[in-house]
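**Student:** Quick one: structure below, then a few questions.
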Amino acid sequence: VSQNDQSIYAEGISTTTETFIRATSSEGTINLPILVYHIVRPSYPDDSEAVRAIALTPETFDAEMQHLAEVGYHIVLFSDLENNLKNGAPLPSKPILLSFDDGWGDQFTYAFPILKKYNYAATFFIFTNSIDHESFMSLNELRELLAAGMVIGSHSRSHPYLTKITNSANLWDEIYTSKITLEKRLGTKINEFAYPFGQYTPAIAMLVEKAGYRSARGDYYTGEQRVSRLYELSALNAPTTLALFKKRFP
C-alpha cells in the first residue's frame, strides 16, 4: 500500500438476552457513538505523524473489537439508527456503529477478517474514483464485503473538500453521481453518505438529502444523534490505542 497516498489523506482528516431502548425524546434523540476507522495495517517505521494519528495495527483493532464485546456494546448499522430516530424503532442496549472511510485495500486485508471473527457488521464509505486502483479495494472485494453482511456507503466521487467546490454542477456530481455509480456497479441501494474530511455546510447537507440518501455522517463528535441532524450525524475518529479506547468506551 502506498504510504504516501495514506499520508495525503491523513493530513486532511486529522480530524445472550438484550434489552431494548427507544429514542429518548419526542424530538428523536439518542446517545449512539459512530466510530470512524481509516487505516488498519501493520505500522511502518517511516509513517508520518498524520498517518500515526489515525492508523491502528490489526492487533489493536482486534483488541478494540473484543473490548466492545466484553463490556456489552452492540453493533448496529446506519439503517438501525435512521429507523430509530425517524420511527422510534427499538435498538439494543449500548448501541455503537462502526464505519470505515476511503476504501483502502488494507481495510479488506486486515480489518474485514477481524469483523467477521466477531460477527460485526460495518459500513465502508467508498469514493468511486478509487475502485480497482492501486492501494484501494477492487470491485470484487466490495462485492465480497456486501456478501458478508457489510454495507457500502458513498464518500463522494473523488474525495475533494466539498466546501471548496464553487461550481454547483461539480458539487452535485460528487454527491449524486457517486451514489448512482456505486448502485449500478454493486447492484445495491446506497443510502448513506460520509462527507470527505468530515466537512460540509448546511447547503451541502441539503444536496445530500436531495440526492436520495437517508443520512450523512459528519465529524463533530458529541455522541448524541438527533432526527433533526440526520444529515449531520456526529462521529469520532477511533482512538488508536487500546488504553484510549477503553477510556472513551468504558
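The values are calculated or read from the model by the stated rules, or taken from the named source; none is laboratory data. This one's a predicted model, so the numbers in the text were calculated from it and none came from an experiment. As a convention, Cβ positions derive from the backbone with ideal geometry for all residues, glycine included, and neighbour counts pool all protein chains shown. The accessibility values were calculated without ligands, DNA or RNA, using every heavy atom of the protein model including side chains. Shrake-Rupley method; radii C 1.70, N 1.55, O 1.52, S 1.80 Å.
**Student:** Which condition breaks for residue 162 when tested against (1) out of contact with any strand residue (DSSP E or B) (no Cβ under 8 Å at 6 or more places or on another chain); (2) surrounded by fewer than 19 Cβ atoms within 10 Å (Cβ to Cβ); (3) of a type in the set (A, V, I, L, M, F, W, C)?
**Tutor:** All conditions are met except number (2).
**Student:** Any chance the stretch 174-181 includes a residue that's at pLDDT 95 or above, open to solvent by 20 Å² or more (accessible area, probe 1.4 Å) and in contact with a helix residue (DSSP H, G or I) (Cβ under 6 Å, 6 or more places away or on another chain)?
**Tutor:** Yes, the conditions are met somewhere in the stretch 174-181.
**Student:** Can I ask one more? Condition test on residue 249, is it within 28 Å of residue 116 (Cα to Cα) and either among the acidic types (Asp, Glu) or modelled with pLDDT under 95 (or both)?
**Tutor:** Here the answer is yes, as residue 249 does meet what is asked.
**Student:** Take residue 113 and tell me if it is touching a Pro at 6+ places or on another chain (Cβ under 9 Å) and of a type outside the set (S, T, N, Q).
**Tutor:** So residue 113 fits the description; yes.
**Student:** Kindly evaluate residue 140 against the criterion of being exposed (fewer than 14 other Cβ atoms within 10 Å of the Cβ) and either β-branched (Val, Ile, Thr) or out of contact with any strand residue (DSSP E or B) (no Cβ under 8 Å at 6 or more places or on another chain) (or both). Before the answer, list the steps.
**Tutor:** On the way: exposed (fewer than 14 other Cβ atoms within 10 Å of the Cβ): yes; either β-branched (Val, Ile, Thr) or out of contact with any strand residue (DSSP E or B) (no Cβ under 8 Å at 6 or more places or on another chain) (or both): yes.
The answer is yes for residue 140.
**Student:** Conditions first: (1) of a type in the set (A, V, I, L, M); (2) in contact with a strand residue (DSSP E or B) (Cβ under 8 Å, 6 or more places away or on another chain); (3) crowded, with 19+ Cβ neighbours inside 10 Å. Residue 186 passes all but one, so which condition is the exception?
**Tutor:** For residue 186, the exception is condition (3).
**Student:** Right, something else. Of everything in the stretch 214-250, what is closer than 20 Å to residue 71 by Cβ, in a helix (DSSP H, G or I) and in contact with a strand residue (DSSP E or B) (Cβ under 8 Å, 6 or more places away or on another chain)? Give them in sequence order.
**Tutor:** 248
**Student:** I'm told residue 159 meets every condition in (1) modelled with pLDDT of 95 or more; (2) on the phi < 0 side of the Ramachandran plot except one. Can you identify the failing condition by its number?
**Tutor:** So residue 159 meets the others, but not (2).
**Student:** Which members of the stretch 120-147 meet the condition of being polar (S, T, N, Q) and either in a strand (DSSP E or B) or more than 24 Å from residue 174 (Cα to Cα) (or both)?
**Tutor:** Residue satisfying the conditions is 123 alone.
**Student:** Do we have any residue at all in the stretch 196-209 that's surrounded by 15 or more Cβ atoms within 10 Å (Cβ to Cβ) and in a strand (DSSP E or B)?
**Tutor:** no
**Student:** Among the residues of the stretch 87-104, are any more than 28 Å from residue 30 (Cα to Cα) and in contact with a strand residue (DSSP E or B) (Cβ under 9 Å, 6 or more places away or on another chain)?
**Tutor:** The first filter runs over the stretch 87-104 and keeps only residues more than 28 Å from residue 30 (Cα to Cα), leaving 103-104.
Filter once more, so that each one left must be in contact with a strand residue (DSSP E or B) (Cβ under 9 Å, 6 or more places away or on another chain): 103-104.
So far as the stretch 87-104 goes, yes, one or more of its residues are more than 28 Å from residue 30 (Cα to Cα) and in contact with a strand residue (DSSP E or B) (Cβ under 9 Å, 6 or more places away or on another chain).
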